[in-house]
Amino acid sequence: MDDKYLKVADKLIKFILSSNQAPYFREYTNIQNGKSFGNLMIEDLGDTMPFLFWAGQNLDFKYSEIADNASKFFIKKFQQNDGFFTTEPKFGFIYNFDKMTDISLGLNLMYLLTNNHVHLDASKKLFDAIGKFTDGFIPYLYFVSLRFGLNFSSGKFGLYIEELCNLYNFTGDRKYLKIAKNISLFWINNKYFKENGLFPFVVKSKFIKDLVNILFRKKFGFNIDSAMSSKANTNLVYGLNALYKITKDMEIYTALQKWHSGVRSKFLCEDGSLFCLYDKKSSHKFLGCDHAVADCFLELYISTKEKKFLEDAEKIANFWIKKQNRSGLVQQGVEGYKVCADPNMEYGNNPQYFRLDPQVDFFVVLIKLYKLTKKKIYYVKSLKLLNGICKYHNFNSGFVNILDENKNKLSYIIETKFLFLVLKALMFGNYKDRIYKDSTIRLLMRDR
């Protein structure tokens, strides 16, 4: 049964490689004509090359060689002497900490897969630079020549905590745990978190907070003093949980428990759905956020063995399973509610549309639930979902991002990284029995 998905995976990789001239992978791909375009995928290392390398280990090793060489090229071309990466080649004086999160993820995953110290040395160099730079607060942007940071931040930077923990596991150097703890303390001591149990968006400077709040409301429609479940909360929780697993720090444990209580009181509805934004004027429900919260609960269950986390993960998954129709696909939203707070999300407002990436990530959550609970319904529903993805999203050996409620393809343009990420579902036969036994597989199957 699994062989048919491997064949789809192999065709997909051939399509990606024919559409891109490695190592110059481009940001977008036109599925219809098989051509890529746009900027180089500088910041998407963590979403691309590790999956190509891993697939190559199971399909054709030349894919692994392409991924390894592309990653090394990426490091050589874009990592500066100070350790940071130039994610904006024309503006090398800007450190974009938001875009460097997935770079850090990619460096560590590539080292885990290749055992090549080029990737490890690059990761150490990056985090040594971050350690010298930060007192716990990581700004969205930093203008080097002006020595000025755009002092806006979110829990998305919790990915740095998680990757610092991975770097500690690789090296045994406790300085990386110290940096991780410093970042963690900034967030768990935040006044908003102490009051609400959720991690907010933060503007460190009171002087510019009012201005940023006006811009925030204009663009997104909600206040800066609000909390979004994914990835502004979930990435931070993944990081805190990774730190807790190593240190058994009770301060971190208490924060994780407080967050879970915050989700239950502010996000989680009785039917198992979640509000993905906590703000008095907002009411968004989106599969693309909910699967990440469910996955967080699974990670907390594994770390603590407390059944309440597993029960809440099942509650969320069971709600969305009811949104799975005969095609096998799961709609992206809930009728009567807004879908996504990001106004730039293409075709984001119709809850009955189908979006590729959340389908893939929800598939992985169902496989994880099956392995943890042994309940066959999760396995049956996951295969039904995968078959729907392959039947309706697949086109010309690639995959289309968005379908309408009748499964019509709305656009043939897709971010190239989402094509790589489909491999998480297509390769499931090579990991479904090892997802909680093999640390490499477990780290690959994250959505960050």
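The values are calculated or read from the model by the stated rules, or taken from the named source; none is laboratory data. Here the structure is a predicted model, which is why all the values come from computation and not from measurement. Note that we place each Cβ from the backbone using ideal geometry, even for glycine, and neighbour counts take in every protein chain shown.
For region 86-96, check the following and say yes or no: at least one residue is touching a residue at least 24 places away in the same chain (Cβ under 8 Å), assigned to a helix (DSSP H, G or I), under 21 Å from the mean Cα position of the chain (by Cα) and surrounded by fewer than 22 Cβ atoms within 10 Å (Cβ to Cβ).
No - not one qualifying residue is present in region 86-96.
Could you list, in sequence order, the residues of region 368-384 that are closer than 12 Å to ALA425 by Cβ and surrounded by 22 or more Cβ atoms within 10 Å (Cβ to Cβ)? Walk me through it before giving the result.
In the first step, residues of region 368-384 are kept if they are closer than 12 Å to ALA425 by Cβ; the result is 382-383.
The one that is closer than 12 Å to ALA425 by Cβ and surrounded by 22 or more Cβ atoms within 10 Å (Cβ to Cβ): SER382.
If SER145 meets every condition in (1) buried (at least 19 other Cβ atoms within 10 Å of the Cβ); (2) of a type outside the set (A, V, I, L, M, F, W, C); (3) farther than 20 Å from LEU243 by Cα; (4) out of contact with any Lys or Arg (no Cβ under 8 Å at 6 or more places or on another chain) apart from one, which number is that one?
Evaluating SER145 over (1) buried (at least 19 other Cβ atoms within 10 Å of the Cβ); (2) of a type outside the set (A, V, I, L, M, F, W, C); (3) farther than 20 Å from LEU243 by Cα; (4) out of contact with any Lys or Arg (no Cβ under 8 Å at 6 or more places or on another chain) leaves (1) as the failure.
Go through (1) modelled with pLDDT of 95 or more; (2) closer than 27 Å to PHE216 by Cβ for ALA313 and report which single condition fails.
Looking at each condition in turn, ALA313 falls short on (2).
Which one is nearest to PHE418 (Cα to Cα) among residues in region 19-73 that are of a type in the set (Val, Ile, Thr) and more than 22 Å from the chain's Cα centre (by Cα)?
Checked region 19-73; the qualifying residue nearest to PHE418 (Cα to Cα) is ILE31.
So which residues in region 23-40 are closer than 25 Å to LYS77 by Cα, modelled with pLDDT of 95 or more, of a type in the set (A, V, I, L, M, F, W, C) and surrounded by 14 or more Cβ atoms within 10 Å (Cβ to Cβ), if there are any at all?
If the condition is that a residue be closer than 25 Å to LYS77 by Cα, modelled with pLDDT of 95 or more, of a type in the set (A, V, I, L, M, F, W, C) and surrounded by 14 or more Cβ atoms within 10 Å (Cβ to Cβ), then PHE25 is the only one that fits.
Go through region 374-425 and give me each residue that's assigned to a strand (DSSP E or B) and under 19 Å from GLN324 (Cβ atoms).
Residues satisfying the conditions are ASN394, PHE399, ILE402, LEU403.
Could you grab me the full set of residues in region 255-297 that are in a strand (DSSP E or B), surrounded by 24 or more Cβ atoms within 10 Å (Cβ to Cβ) and among the aliphatic types (A, V, I, L, M)?
Within region 255-297, LEU274, LEU277 meet the criteria.
From the list LYS375, LYS338, pick out the single residue that is among the basic types (Lys, Arg) and out of contact with any Pro (no Cβ under 9 Å at 6 or more places or on another chain).
The unique qualifying residue is LYS375.
In this structure, does ILE414 turn out to be modelled with pLDDT of 95 or more and either under 16 Å from GLY328 (Cβ atoms) or out of contact with any Phe, Trp or Tyr (no Cβ under 8 Å at 6 or more places or on another chain) (or both)?
Taking the combined requirement at face value, the residue does not satisfy it.
Could you list, ordered by first residue, the pairs with Cβ atoms under 7 Å in which the first is in region 14-41 and on the phi > 0 side of the Ramachandran plot and the second is surrounded by 14 or more Cβ atoms within 10 Å (Cβ to Cβ) and not in a loop (DSSP other than H, G, I, E, B), at least 6 apart or interchain?
GLY34/PHE15; GLY34/SER19; GLY38/ARG26; GLY38/GLU27; GLY38/TYR28
Which of the residues belonging to region 1-56 are closer than 15 Å to ASP102 by Cβ and either part of a loop (DSSP other than H, G, I, E, B) or among the aromatic types (Phe, Trp, Tyr) (or both)?
PHE25, MET41, THR48, PHE51
Can you find even one residue in region 132-155 that is under 17 Å from GLU251 (Cβ atoms) and not in a helix (DSSP H, G or I)?
yes
In region 298-308, how many are surrounded by fewer than 20 Cβ atoms within 10 Å (Cβ to Cβ) and of a type outside the set (Lys, Arg)?
Of all residues in region 298-308, those surrounded by fewer than 20 Cβ atoms within 10 Å (Cβ to Cβ) come to 301-308.
Of the ones still in play, those that are also of a type outside the set (Lys, Arg) are 301-304, 306.
Result for region 298-308: 5.
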